[in-house]
Every structure is written in C-alpha cells, then in structure tokens.
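Written below as structure tokens is the structure these notes are about.
Laboratory data are not the source of any read-out in this text; all were calculated from the coordinates shown. As the structure is a computational prediction, the values presented were derived from the model and not from experiment. Reconstructed Cβ throughout: ideal geometry from the backbone, glycine too, with neighbour counts over all protein chains shown.
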Amino acid sequence: KWSPIDYSKSLSQNNVPAGVVKIALSGENAYILANGEVHAFKAATGEYVSKLTLPEGFVPGSLAADQAGNVIIAGPNADYDWSGVSHPDILIYKMTDPNAAPEELIRYNVGNAWGCVGNAKVTGDITKNAIVTLVTSGSNVILAFEVVNGKCIPSANNAAYAEFKAVNAPYTAGGAPNHACALPAGPTLADGILFFAYGQESVESYNVMY
C-alpha cells in the first residue's frame, strides 16, 4: 500500500538544474543527479543540504546506492551518446562518507566496443564485496565489475583498468542505456543478474529476463 506524500519540493528552488533525474538513498540523505550535478537533500524532510564537489572534469550520468548505503557515481556522461569523443574512459566513483570527496572505484576504457554505456547499478557492499553493472546500448552485453574486499579486480592486461565480465543478456537493449536495467542479484556474479529491457524487435515491448 502506498503512503500519502509527505512533502513536495521543487528542485529549481535549490538551483538544481533541469534534466533527467536519478536518486540514491544513503543514510539520512537522498542524493539527486540532474544534468551532471549531484545534490544532497534530507530524505525525511526534503531540506536542501549541499551540492557535492566532484573531481574536476568529471560529469556523471549514473547514480546508485548499495545495500550498505554507499553511493556510486558513474560517468563521464555515461548515459548519453559518446559520439565525437575519442575512446573515453568509464569512471565510477564511490562515496562512503558524505563529508569526504568521492574516491575512484572503477576505471575502464570502452575503446570502440560500445558508443553508449551507462545506467550503473550495484548490489552488495562496495567496501567489502559487490557487483557493479553497466548497460550497453543497442546490444545484449552487460558489463559486470566485481568488487572484492573493497577493491575492483584489476585487468590482467592493464592494471590501471578494472577487469570486467561481458555478460550476454537474453534480450537486446534499445538505443540508449536507460532503455534497459541490469541489476546484480547478489554480491557475486554467481548470484546472477536481473535484466529488464525495452527491446529492438519488430514488435517492441518491455521484457523481464534474468
């Protein structure tokens, strides 16, 4: 049963820019991502707290929280078309303390493999064990990164980048990462991945597959 609305707030009252809004709940704060900025509000009251200071040049496109209340922020522009940008890195920062600067958790270079990657999700505890997933547009490939003991496993080919598993979903996502969602079912890949996508078949429909 849905509860009555406790409050209603206008983001523009706090100079939060217009755009696609994403939200993550951590402790007493709700974090709002809109147009490349992250703002914190008191979840219980809607009281504005602050705008987060992100690393210079980092423009996020995804926001999610794990089961321990830690927040991941992914970018740059990870939910938008990267045309015209030469081989950008996926960057995912973790925020375990709202009063401290975000720390880099995952870095990966997509090269020419996928032009649009995003909609980051996480399950587990990124300070311990967790799985972080990203959706690739126009394909059935899910990028899955494994965090063990608070660190993402490095690539055997280049330790500066994270190791990832390319998991083939049973259904192809649409033309943008936000047309699909890949949610880890647990803190290890053995737990599986829940997949939900808006497809590209002749008769488009929503499908839940895992």
Quote the FRET efficiency, to the nearest 0.05, computed for Lys42 versus Asn149 with a Förster distance R0 of 35 Å and r equal to the Cβ-Cβ distance.
0.60
Excluding Leu54 itself, what net charge comes from residues whose Cβ is under 13 Å from its Cβ, given Lys and Arg +1 and Asp and Glu -1?
-2
FRET efficiency estimate (nearest 0.05) - Cβ-Cβ, Asn109 to Leu11, R0 22 angstrom:
0.05
Using each residue's phi in the range 60-75, evaluate 6.51 cos²θ - 1.76 cosθ + 1.60 at θ = phi - 60° and report the 3J(HN,Hα) Karplus result to the nearest Hz, with x for Gly and Pro.
x, x, 9, 8, 7, 10, 8, 5, 9, x, 7, 10, 10, 10, 10, x
List every residue whose amide H lies under 5 Å from the amide H of Lys128, counting only residues 5 or more places away in sequence or on a different chain, with H placed 1.01 Å from N in the peptide plane.
Gly150
